[in-house]
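Novice: This is the structure, below, for whatever I ask next.
The values are calculated or read from the model by the stated rules, or taken from the named source; none is laboratory data. Since we're looking at a predicted model, the values are computed, not measured. We place every Cβ from the backbone using ideal geometry, glycine too, and count neighbours over all the protein chains shown.
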2 protein chains.
Amino acid sequence: MLKLTKKVDYALLALNLMARNEEGGISNVRDIAALYSIPPEILAKVMQKLSKSGLIQSHNAPKGGYSLKVPAEEISVLKVLVAVEGPVGIVSCSDGTDRTCQQRDQCDIRSPLERLQNNILWFLEALSIRELGQEPAVLKGVTDGSSLFGQPLHHKG
Amino acid sequence: MLKLTKKVDYALLALNLMARNEEGGISNVRDIAALYSIPPEILAKVMQKLSKSGLIQSHNAPKGGYSLKVPAEEISVLKVLVAVEGPVGIVSCSDGTDRTCQQRDQCDIRSPLERLQNNILWFLEALSIRELGQEPAVLKGVTDGSSLFGQPLHHKG
DNA sequence: GTAATGACAGACCAAAATGGTCTGCGATAA
DNA sequence: TTATCGCAGACCATTTTGGTCTGTCATTAC
């Protein structure tokens with residue numbers, strides 16, 4: 001629950017690798033799969049989805065493979081997530097998936113949960129695969145919650 | 001993927017209701033289930049977990065039911081989530097669930113992902129079931145990402 | 001005391017999501 | 001023209017999830 005799928009993990013690993021190889025560097029499925037011990041067939045499917053969504057460019061030929069189509073800075077974790085798994089919604093009633101929610105009429109907590117969801121999506125969008133491969137120091141103040149907020153809010157400990 | 005389960009939804013609805021009824025107000029499973037069209041047996045299990053985790057108090061008797069054991073302000077969404085579904089981890093390798101991760105040795109994105117996870121957990125901890133039932137206005141500046149941060153960071157649009 | 005109420009407990013099942021396999025086709029450059 | 005590598009989709013096993021069913025135990029109103 002509230003967990004990234006293996007496919008997303010695989011996509012992030014592959015993209016991170018390609019981000020380090022760029023620019024224009026080509027990696028093929030077999031090599032990446034071998035490096036990370038990923039079943040090649042699975043990674044192949046994942047890469048195809050990334051390709052269809054326009055994040056990477058395929059080179060269908062011997063010595064071919066994939067290369068980044070846009071700069072690593074512009075590929076957010078959220079984009080990867082959506083490309084691989086479709087629309088994200090922590091509450092099923094808010095992403096169009098569940099049209100038959102039995103609680104919808106009586107639901108009195110949807111609004112704050114959607115707000116919570118927006119925050120999570122915002123973080124996913126703010127983190128690029130470029131930053132994925134960088135040392136914590138670079139990220140400091142961006143994704144480290146404890147230093148991100150000026151005031152303690154209502155955080156209960 | 002990255003979605004709250006129905007059980008968590010049910011728990012939040014029930015707790016939100018009880019938070020409005022307090023203090024010491026008692027609600028029973030049958031009534032709550034009827035109000036929100038939740039299968040009573042399911043809600044019963046959920047309530048038992050909330051009870052075991054110490055968030056609510058059971059009153060096993062006719063005219064009995066459950067009441068909040070601690071103030072609504074002190075019950076975070078994260079606590080509810082953990083009580084109902086166990087430890088949370090958006091990356092399976094970081095919550096002790098997956099001890100056989102094939103990518104662990106070669107994984108070069110774990111650190112930033114764990115950071116991302118911490119941010120999400122932080123938000124879940126910062127949102128209490130008291131706030132769940134309040135109007136958006138009260139939450140403004142707390143969970144609304146767009147107004148929460150002073151600077152735009154690297155947010156790509 | 002006893003019967004009705006409501007929590008407690010756990011086996012059990014069906015559907016969906018997930019992770020993975022297999023097979024074959026299509027494009028292209030060596 | 002053939003080996004390489006992407007493209008496509010059917011297929012299957014496992015796990016997770018949501019839900020049902022059956023029964024027991026505690027309490028209190030009568």
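Novice: Output the residues belonging to the stretch B:48-66 that are within 13 Å of DNA strand D (Cβ to nearest atom), in contact (Cβ under 8 Å) with a residue 24 or more places away in the chain, touching a helix residue (DSSP H, G or I) at 6+ places or on another chain (Cβ under 9 Å) and of a type outside the set (D, E, K, R).
Specialist: B:GLY65
Novice: Quick check: anything in the stretch A:103-122 surrounded by 16 or more Cβ atoms within 10 Å (Cβ to Cβ) and away from chain B (no Cβ under 13 Å)?
Specialist: No, the stretch A:103-122 has no match at all.
Novice: Somewhere in the stretch B:5-22, is a residue of a type in the set (Gly, Ala, Ser) and outside any helix (DSSP H, G or I)? Let's see the steps before the verdict.
Specialist: Taking the stretch B:5-22 as the starting set, the residues that turn out to be of a type in the set (Gly, Ala, Ser) are B:11, B:14, B:19.
Restricting the remaining residues to those that are outside any helix (DSSP H, G or I) gives none.
Scanning the stretch B:5-22, I find no residue that is of a type in the set (Gly, Ala, Ser) and outside any helix (DSSP H, G or I), so the answer is no.
Novice: Confirm whether A:SER67 is part of a helix (DSSP H, G or I) and hydroxyl-bearing (Ser, Thr, Tyr).
Specialist: No: the conditions fail for A:SER67.
Novice: A follow-up question, please. Provide a single number: the residues in the stretch B:77-101 that are modelled with pLDDT of 90 or more and either facing chain A (nearest Cβ under 8 Å) or in contact with a strand residue (DSSP E or B) (Cβ under 7 Å, 6 or more places away or on another chain) (or both). Break it down into steps so the answer makes sense when it comes.
Specialist: Taking the stretch B:77-101 first, the residues modelled with pLDDT of 90 or more are B:77-90.
Remaining after also requiring either facing chain A (nearest Cβ under 8 Å) or in contact with a strand residue (DSSP E or B) (Cβ under 7 Å, 6 or more places away or on another chain) (or both): B:77, B:81, B:85, B:88-90.
The total comes to 6.
Novice: I'd like to know if the stretch B:86-100 contains one or more residues that are closer than 18 Å to B:ILE129 by Cβ and surrounded by 15 or more Cβ atoms within 10 Å (Cβ to Cβ).
Specialist: Yes, the conditions are met somewhere in the stretch B:86-100.
Novice: Condition first: under 18 Å from A:LEU13 (Cβ atoms), modelled with pLDDT of 95 or more and outside any helix (DSSP H, G or I). Now tell me which residues in the stretch A:25-57 satisfy that.
Specialist: Within the stretch A:25-57, A:ILE26, A:SER27, A:ASN28, A:SER37, A:ILE38, A:PRO39, A:SER53, A:LEU55, A:ILE56 meet the criteria.
The rows are residues; the columns are (1) of a type outside the set (D, E, K, R); (2) at negative phi; (3) within 13 Å of DNA strand C (Cβ to nearest atom).
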{"position": "A:GLU22", "(1), (2), (3)": "no, yes, no"}
{"position": "A:TYR36", "(1), (2), (3)": "yes, yes, yes"}
{"position": "A:PRO40", "(1), (2), (3)": "yes, yes, yes"}
{"position": "A:GLN102", "(1), (2), (3)": "yes, yes, no"}
